[in-house]
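Student: What follows is a structure written as C-alpha cells; I'll ask about it next.
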Amino acid sequence: MRRAQTPEACDAIFLFRFEVLVHERGWVDYPGVDPAEHLVRSADDEGPGVTHLFTGSLYGRELDAVARLRVFAAGEVPETLRRNYALDRLPGVEKLGIAELGMIIAHPATERQGNLPIASLFRVAFDQCLEAGAQLLFFAVHPGMVAACGRVMGAQRYGAPAFADHSGPLVPMVIIPSNSEHHERLGSLFAGAAWKHFVLARRPRLDTSAFADRLVDELGREFSADDRWMHFEDRFYRRGVARWSFFDGLREAVIEELLARGRVRSLAVDDELFDEASAPSEMFVVLEGCFEILVGGRSVDVAGEGELIGEISVLSPAPSRTANVRALMRSRVLGFDQGALRSMTFGDPEAGYQVMFNLARFVAERFRERVRIMARLEKALEEKGG
C-alpha cells in the first residue's frame, strides 16, 4: 500500500481510473473523463487534505486498486459532500474534523487476491485519519456491501438516504475510529489500531451521544480473521457494482411482459414496502433505488437494483412475512403474485421458463453463499478444536 506523492504517481492513478471506468465498464460519460489524455480526474483530486492511495505498482500499469482520501477541518466540508452524505443527520458534525474515502476502484483482475486490495486501502485511510485528527471517516458503498463493511470494518449506517452514481445507488456509511469497543466486539480490521490509540495511548474519544441513536449496528455472526477476509472478498466482487440481476438473460419481450403483468409501485425515503405482519401475496423486483431489510427490528441486508424481495412467498407461501422492508431512497419496484407468474407461464411457456429459471437461480445463489460461509466457519471451528 502506498500514497501517491508525485504528479507522475497521480497521473498513473488517473490513467488506472480511465482503464477501469471507461475501458472495462464503458462509462464514457463519467465525470472527469479526459478522452484525449486517457485520464479520469476532477477538481476534487487536488488541494490540501487530498491523498491518493493505491495498491500494486505504479509502473508497468500493474495497479490493483486506488482510492482518494479527503480530510476536512471543522466547518470546511464542501456542500456537495454534505448533501450526498446527509451530514445533517449527525448533530454537531459541523464542529468535527472528518474525512471521506471516495473513488474506490479495484481492477477486475485482482478479484481472487488473498488480502483484498480494497480493505488495504481502508486500513491506510484509517491510519491517516488518526494522523490528521479526523474523528469520522465517511464512504459510500453499493447496497450489496453494506453488511460486509459493517462486519469487516466496523462501519455503520446512520439513516442517510442512498444517492445515485454511475454504478447504481450508493449507501453512505461512517467509521468512528475512537469507538474501540465497537471495533473489538466485531473483530474489525481496525480493532488493533483503535485499541492502541484510544485505550493504550488514551487519546480523547469522540462523544457520539448526540447521534448514537442514528447509528445502525451491523453486528452479526462471529468470524475468524480468515473468514472475514473471504466473506468480504465474496461480497465485494460477487455482489459489488456488477451485482447479479434478476433480469439477466431475459429477452426484451419477456421484460415487457413482466412490466405488463406486474404492478409498479413508487416509494419515497423511509416508506415501508411491507412488514412482518403482512400477508406474503407478492414478490418484488427492485427497478430503481434500494431497500433495507430488517428482521426483529435489526438491519440484516440491503437489496438494490435488479434484486428480488419477498421471493420466498412465491416459492413457499407462508401465513406472514419474515421481515420488514423500507426504502432507503426514492425507489420503484415491480410486484407480481403467483397468479401473474402462472398466467405468464401458460400464456408464453418460454417466457415463463426464463423467469422461473432466473428466480430459481437467484434463490440458489443466496443459498450457496450461505452454505459456503457456514462451511468455512465449520472448518475454522474444527481447526480451532483440533
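Student: Among the candidates 163, 139, which residue alone is without any contact (Cβ under 8 Å) to a residue 40 or more places away in the chain and under 21 Å from residue 70 (Cβ atoms)? Break it down into steps so the answer makes sense when it comes.
Tutor: Numbers: 163 fails: without any contact (Cβ under 8 Å) to a residue 40 or more places away in the chain.
Answer to the selection: 139.
Student: So, one more: Among what's in the range 40-63 and is at pLDDT below 90 and either touching a Phe, Trp or Tyr at 6+ places or on another chain (Cβ under 8 Å) or of a type in the set (Val, Ile, Thr) (or both), pick the residue that is farthest from residue 129 (Cα to Cα).
Tutor: Here the residue is 61.
Student: Can you say whether residue 74 is in a helix (DSSP H, G or I), over 23 Å from the mean Cα position of the chain (by Cα) and modelled with pLDDT of 90 or more, as far as the supplied structure shows?
Tutor: No: the conditions fail for residue 74.
Student: For the range 20-43, name all the residues that are of a type outside the set (A, V, I, L, M) and over 22 Å from the mean Cα position of the chain (by Cα). Walk me through how you get there before you give the answer.
Tutor: As a first pass, look at the range 20-43 and keep what is of a type outside the set (A, V, I, L, M): 23-27, 29-32, 34-35, 37-38, 41-42.
Result: 23, 29, 32, 34, 35, 37, 38, 41, 42.
Student: From (1) more than 27 Å from residue 269 (Cβ to Cβ); (2) modelled with pLDDT of 90 or more; (3) out of contact with any Gly (no Cβ under 6 Å at 6 or more places or on another chain), pick out the condition that doesn't hold for residue 155.
Tutor: (1)
Student: Now for a different question. Can you pull out the residues in the range 354-372 that are loosely packed, with under 13 Cβ neighbours inside 10 Å and either outside any helix (DSSP H, G or I) or modelled with pLDDT of 80 or more (or both)?
Tutor: Answer for the range 354-372, where residues must be loosely packed, with under 13 Cβ neighbours inside 10 Å and either outside any helix (DSSP H, G or I) or modelled with pLDDT of 80 or more (or both): 357, 360, 364.
Student: Can you tell me how many residues within the range 310-341 are touching an Asp or Glu at 6+ places or on another chain (Cβ under 8 Å) and assigned to a loop (DSSP other than H, G, I, E, B)?
Tutor: Of the residues in that region, 8 qualify.
Student: Kindly indicate which of 20, 28 is surrounded by 12 or more Cβ atoms within 10 Å (Cβ to Cβ), among the hydrophobic types (A, V, I, L, M, F, W, C) and either without any contact (Cβ under 8 Å) to a residue 12 or more places away in the chain or not in a loop (DSSP other than H, G, I, E, B) (or both).
Tutor: 20
Student: Can I ask one more? Restricting to the range 304-339, and then to whatever is closer than 16 Å to residue 366 by Cβ and among the β-branched types (Val, Ile, Thr), can you tell me which residue is modelled with the highest pLDDT?
Tutor: 325
Student: Then there's this: Which ones in the range 193-216 are closer than 29 Å to residue 297 by Cα, in a loop (DSSP other than H, G, I, E, B) and modelled with pLDDT under 90? Talk me through it step by step, then tell me what you get.
Tutor: The first filter runs over the range 193-216 and keeps only residues closer than 29 Å to residue 297 by Cα, leaving 194, 205-216.
Still in the list and also in a loop (DSSP other than H, G, I, E, B): 205-211, 215.
Of everything in the range 193-216, just one residue is closer than 29 Å to residue 297 by Cα, in a loop (DSSP other than H, G, I, E, B) and modelled with pLDDT under 90, namely 215.
Student: Give me the pairs, please: first residue somewhere in the range 302-313 and within 19 Å of residue 356 (Cα to Cα), second residue anywhere and part of a helix (DSSP H, G or I), beta-carbon distance under 6 Å, and either six or more positions apart or on two chains.
Tutor: Listed by first residue and then by second, the contacts come to 308/362.
Student: Say we look at the range 136-152 and pick out the residues that are part of a strand (DSSP E or B) and under 18 Å from residue 300 (Cα atoms); which of these is modelled with the highest pLDDT? Steps first, answer last, please.
Tutor: Taking the range 136-152 first, the residues part of a strand (DSSP E or B) are 136-141.
With under 18 Å from residue 300 (Cα atoms) added as a condition, the list becomes 140-141.
Numbers: 140: 94, 141: 89.
Selected residue: 140.
Student: Of the residues that sit in the range 67-106 and are under 22 Å from residue 30 (Cβ atoms) and charged (D, E, K, R), which one is surrounded by the fewest Cβ atoms within 10 Å (Cβ to Cβ)? Outline the logic, then answer.
Tutor: Initially, the range 67-106 is screened for residues under 22 Å from residue 30 (Cβ atoms), giving 67-70, 78-81, 83-85, 100-106.
The next check asks that each one be charged (D, E, K, R); those that pass are 68, 70, 79, 83, 100.
Numbers: 68: 24, 70: 22, 79: 7, 83: 11, 100: 26.
Filtering the range 67-106 for residues that are under 22 Å from residue 30 (Cβ atoms) and charged (D, E, K, R), the one surrounded by the fewest Cβ atoms within 10 Å (Cβ to Cβ) comes out as 79.
Student: Tell me yes or no: at least one residue of the range 113-129 is farther than 19 Å from residue 189 by Cα, touching a residue at least 40 places away in the same chain (Cβ under 8 Å) and in the same structural domain as residue 31 (by TED's automatic domain parsing). Walk me through how you get there before you give the answer.
Tutor: Here is the first cut: in the range 113-129, the residues farther than 19 Å from residue 189 by Cα are none.
No: the range 113-129 contains no residue that is farther than 19 Å from residue 189 by Cα, touching a residue at least 40 places away in the same chain (Cβ under 8 Å) and in the same structural domain as residue 31 (by TED's automatic domain parsing).
The values are calculated or read from the model by the stated rules, or taken from the named source; none is laboratory data. Source: prediction; values computed, not measured. Methodologically, a virtual Cβ is constructed for each residue, glycine included, from the backbone with ideal geometry; neighbour enumeration extends over all protein chains shown.
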